[in-house]
Amino acid sequence: MQAQSLKVRVDALRDEAHGVRSFSISRLDGLPFERYEPGAHIDVTSPSGVTRQYSLCGDPERLDSQIFAVKKEEQSRGGSRSLHEEVSVGTELSVGAPRNLFRLEEGAGEHILMGAGIGITPLLSMAYRLAARQARFTLHHFARSEAHAAFMTLLTREPFARHVKLHFGVQPDELKPALDACLRDAGANAHVYTCGPSPFMDLVVASARQRLPADAIHLERFKAETAPAPAADASLKSFDVQLASSGQTVRVDASTSIVAALASIGIEVDTSCGEGVCGTCMVDVISGEPEHRDHCLSKAERASNSVICCCVSRSRTPVLVLDL
Ligand code: FES
C-alpha cells in the first residue's frame, strides 16, 4: 500500500520572502501532472531522504509544472534545510500524488482566505481558482513584515491585487481585533479558510465562529501540536484490529500504533507525516468506533467514524474492523 512516488526535476527556484523559497518542478518523463484541486499538498522527499508535506501553491490549471514553497525551519530535522541547501535547478526529487484535506467549498457565495506566514501557500492555489472563476473572495495575508511576506510580487498584481489585503507587523494583542475586522462583513453564506501557526488559526476560528457555522470554517495544519487528550473513560488501552477482507485480527497494545501492529502481520499502510497531519494513512472503518487523535479529518468525517488515521488514532471499542 505504499504510495507511488514520481521522479521530478527542479526547473526553477525563487526566493519568495525571508527564508521562504519556491520550487517549480516538472516530471522527468515529460508527462503532465495529474489534475489536483486547490488546497492540495504533496509529499516531497528531500536530498537528505526526509519526506515532508508541502502545499501546492501554483495555478491548479497548469499541469506541466507544480510549485511548492518551503520555509527554512531553524529546528529542521533535514527536510526544509536540505531543500534549501542541497537543491538547485536540475536537481531530481521524488514527490507523491496530490492529496487534499482542505478544499474550496464550491457552493459558497463568498470566500475569505486568511493566511499567516508560510500558511499563504494552500490559499494561493485557491486564489488562482477563485480568480479564474471570478468568484467573490478576499485573501488576507499576515506576515511579520513585508520582507517576510511570501509571493508579494504575485499578490500585488492582477488578477490578485484587488482581492488581497496585507497585514504586516500585527502585534499579538492586536491580532484578535484585526481578525474580527477582517471577518466583520462576512456574509451568511461565506466560507472561511485559514492556514498558519496554530495560535493564529485558533483566533481565526474563534472570530469566524461568532458569525458563521462550524462547517463554513476550514483549516489546515502543517504539523501536529499536542495530540488531543483521549477521554480517559472511553480510551481502551489495547484493542483488536480486524481486516475486513480476511477476518485476520491483530492486537494493538498501549505501546504501539495501528500502523505498527498491522506491519507486524505484513500489512503495510502507507504513511508520511506519522503525526496525524497529512491524511496519508487514512483507512475506511467498517465497524467499531475510532478514537480520533489526528489533526486532519473534517468534523463530518470524525462524526461519521467512517475513516481513521492509523498512525495516531486508536479505538474506543474492543474491535475495530478496517477496510483492508
Ligand atoms: S501518516 Fe500522516 S496522518 Fe497518518
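Among the residues of the range 136-184, how many are touching a Gly at 6+ places or on another chain (Cβ under 8 Å) and aromatic (F, W, Y)?
Result for the range 136-184: 1.
Sort out which residues of the range 261-303 are under 15 Å from L320 (Cα atoms) and among the hydrophobic types (A, V, I, L, M, F, W, C), and write them in order of number.
Matches in the range 261-303: A261, L262, M282, V283, V285, I286.
Looking at the range 6-29, which of its residues are modelled with pLDDT of 95 or more and not hydrophobic (A, V, I, L, M, F, W, C)?
Hits for the range 6-29 are K7, R9, D11, R14, D15, E16, R21, S22, S24, S26, R27, D29.
Kindly state which strands (runs of 3 or more DSSP E) lie completely within the range 114-200 and contain at least 2 residues that are within 19 Å of the chain's Cα centre (by Cα), farther than 17 Å from S22 by Cα and of a type in the set (V, I, T).
By residue number, 190-195.
Among the residues of the range 78-112, write down those that are in contact with a Ser or Thr (Cβ under 7 Å, 6 or more places away or on another chain) and closer than 25 Å to K176 by Cα.
I112
Residues that are more than 10 Å from the ligand (Cβ to nearest atom) and touching a residue at least 12 places away in the same chain (Cβ under 8 Å), at least 2 per element: which strands (runs of 3 or more DSSP E) completely within the range 235-324 meet that?
Where strands (runs of 3 or more DSSP E) fall fully within the range 235-324 and carry at least 2 residues being more than 10 Å from the ligand (Cβ to nearest atom) and touching a residue at least 12 places away in the same chain (Cβ under 8 Å), they are 239-243, 249-252, 282-287, 319-322.
From S48, S55, S88, which residue is of a type outside the set (D, E, K, R), touching a strand residue (DSSP E or B) at 6+ places or on another chain (Cβ under 8 Å) and away from the ligand (no atom under 16 Å from the Cβ)?
S88
Scan the range 35-61 for residues that are in a loop (DSSP other than H, G, I, E, B) and under 19 Å from L154 (Cα atoms) and jot them down.
Passing the criteria: P38, G39, C57, G58, D59, P60, E61.
Which one is surrounded by the fewest Cβ atoms within 10 Å (Cβ to Cβ), of the residues in the range 63-99 that are among the β-branched types (V, I, T) and over 21 Å from L123 (Cα atoms)?
V89
The values are calculated or read from the model by the stated rules, or taken from the named source; none is laboratory data. These numbers come from a predicted model, not from an experiment. Glycine gets a Cβ as well: all are built from the backbone with ideal geometry, and neighbour counts include every protein chain shown.
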